[in-house]
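Scroll down for the structure; my scribbles are underneath it.
The values are calculated or read from the model by the stated rules, or taken from the named source; none is laboratory data. Computed from a predicted structure; not experimentally measured. All Cβ positions, even for glycine, are placed from backbone atoms using ideal geometry, and neighbour counts span all protein chains on display. The protein model used for the area step is the full one, side chains on, heavy atoms only, and it has no ligands, DNA or RNA in it. Shrake-Rupley method; radii C 1.70, N 1.55, O 1.52, S 1.80 Å.
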Amino acid sequence: MADIYAAMTASPPFVLYVGPDPGSCDRAAEELRRALPDATVVTVGSADEALDVVGDARRIDCVVSAYDLPDGDGLDLLGKVRGERGEIPFVLFPDAGSEAIASEAITAGVSEYVRADRNDPYRALARRVRETMDPDRDRSTVDRDTDDGTAGTDHDRRRLLVDRTDQPMAVVEDGRYRLVNDAYADLVGLPGDRIRGSTDDDLFPPAVATELREHGESVLADGDRREHRVETEVNGETRVLDVVHVPADASNDRSMVGRLIRDVTDRVEREELLRAERDRLEALSSAVAHDARNAIQVIRGRTLLIEESLPPDADETQEHLSGLEVGVDRLEELVDSLESLRGVSDPVTDPVPVSIGEAARDAWTTVDAPDARLQIRADPSMLGDPARVRTLLENLFRNSVEHGPSTHERRAEPAAEPIDCGDPSGTDAGNGSNPAGEDASPSVTVTVDALDGVRGFAVSDDGDGIPDSEREQVLEFGYSRDGGTGLGLGIVSGIVDAHGWSIDLADSDAGGARFEFRQETLDSFVS
């Protein structure tokens, strides 16, 4: 650190680069020194280290930061740096660009936005840092006006961000376009100079223009970003567009809003084709299941008639009939599984808050395991489809029961702190959850718990666990470790995908299996 603080006192321009990857730090520093031969370039690996440098340095001319940092993100760092040093240039250098990050960058007021996933990004970064750093600029004149009346620094910042974003992007002020990039001009089908100064009414059908205007006005009114989808005629074709409006830092009391657009027409068409194919397959599976159940009833009826007509000493025939019943039971199990697949992976479009504890209690009532036990340590809430969340838990519970401990000796499980102890099926204290008695050892104990620090929950057991080598395969439809249908955990995986959650498999504290479910905070525009 002594070398860093010695460099802070140097008179040449001072550039601070913040990034967690040492290789990227070295590469960026090399290009920055090449583009700015007189500059002092210091690299650090975290936001905390960067703030230490910012707090101690007598002079900083530019901060460059990756987006993902070990202790936060680049935009959080921007706010803290600006709080310490005011309007010094700040360049965001994300590993991969997205409209979401770009819109946040505009709202936060970064000076430059350079994506690291482009060709030769470090050279582009160095060039833009050099453009951003003007040693002759009087920092007290950051609000000087440009020819179009917008504050110079703010206008330049927005222009650079808009121009260098791949997706269609624009800045609208008082209902008129002030900035548009080439991608936006291509989408609309008009040159940029014809779009600037026009309104949405000049570019889109009346209903679409009204919707865009109202969404922009609502963003200005409440200060929050807003996302919506529109279908409109663009360049003579009907297109489906996802639109994000974000509030821009207005200068001189002007009303500005940033707009980002993604053309999702192809994706929507693919989804419609998949939906049609799924509907066709579901209709087929329903017909097959119906016919199969009729056949099963016929076989069971005929078998019963044969059994009733057999003489008492027909042991061999009776043995064959018993084998037939086992096969029919297996066939019925397969039909049940086939029916449970219908609609399991349909995207959840209208999620509601679901109490995992309550859903677990409901699901447990369907598990045929009188000597098993359910523990509920916490009751987290997830956004989802209540019916499918219950189906997910039912399949997890059955999986735990079917793959319980190889012996009936219960493994050491940390003491539970159950909720709602009076519920007969929701905790280890209820009647019916372990009817053998409190002192008896359950065949398997299933535990529902919350996850620390994130929205999510876990289901674990004290069974034999799942080997590391099989943890990806067990979530695939048709994979079975013991000759089962292989559909139970496949259904779980499908429901997880339908909700946009993530699932991880691990060892439980008792050595069994642990399934962790997280509700990701995904921006609809992140690729």
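Miscellaneous remarks
- Close pairs from the stretch 249-268: first farther than 19 Å from LEU179 by Cα, partner modelled with pLDDT of 75 or more and open to solvent by 10 Å² or more (accessible area, probe 1.4 Å), Cβ under 6 Å, at least 6 apart: ASP263/ARG239; VAL264/VAL240; VAL264/ASP242; THR265/ARG239; THR265/VAL240; VAL268/VAL240
- Taken as a whole, the stretch 78-86 holds no residue that is open to solvent by 40 Å² or more (accessible area, probe 1.4 Å), touching a strand residue (DSSP E or B) at 6+ places or on another chain (Cβ under 6 Å) and either closer than 29 Å to ASP222 by Cα or free of Cβ contacts under 8 Å to residues at least 60 places away in the same chain (or both).
- Within the stretch 178-187, the residues that satisfy the criterion of being hydrophobic (A, V, I, L, M, F, W, C) and in a helix (DSSP H, G or I) are ALA183, ALA185, LEU187.
- A count restricted to the stretch 282-301 and to residues that are exposed (fewer than 12 other Cβ atoms within 10 Å of the Cβ) and more than 15 Å from GLU332 (Cα to Cα) stands at 2.
- Candidates GLU307, GLU227, GLU272, GLU282, filtered to the one that is in contact (Cβ under 8 Å) with a residue 60 or more places away in the chain and more than 23 Å from VAL180 (Cβ to Cβ): GLU282
- Selection from the stretch 32-53 of residues that are modelled with pLDDT of 90 or more, open to solvent by less than 50 Å² (accessible area, probe 1.4 Å) and assigned to a helix (DSSP H, G or I): LEU32, ALA47, ALA50, LEU51, VAL53
- Residues in the stretch 443-470 that are polar (S, T, N, Q) and either surrounded by fewer than 24 Cβ atoms within 10 Å (Cβ to Cβ) or under 27 Å from the mean Cα position of the chain (by Cα) (or both): SER443, THR447, SER460, SER469.
- Cβ pairs under 7 Å, 6+ apart, first in the stretch 117-144 and within 17 Å of VAL18 (Cα to Cα) and at pLDDT 70 or above, second of a type outside the set (A, V, I, L, M, F, W, C) and in a helix (DSSP H, G or I): TYR122/ARG27; TYR122/GLU31; ARG123/GLU31; LEU125/GLU31; ALA126/GLU31; ALA126/ARG34
- Evaluation of LYS80 against the conditions (1) under 22 Å from GLY19 (Cβ atoms); (2) modelled with pLDDT of 65 or more; (3) in a loop (DSSP other than H, G, I, E, B) shows that the sole unmet condition is (3).
- Qualifying residue in the stretch 319-336 (condition: open to solvent by less than 60 Å² (accessible area, probe 1.4 Å), more than 22 Å from GLY463 (Cβ to Cβ), in contact with an Asp or Glu (Cβ under 7 Å, 6 or more places away or on another chain) and among the β-branched types (Val, Ile, Thr)): no
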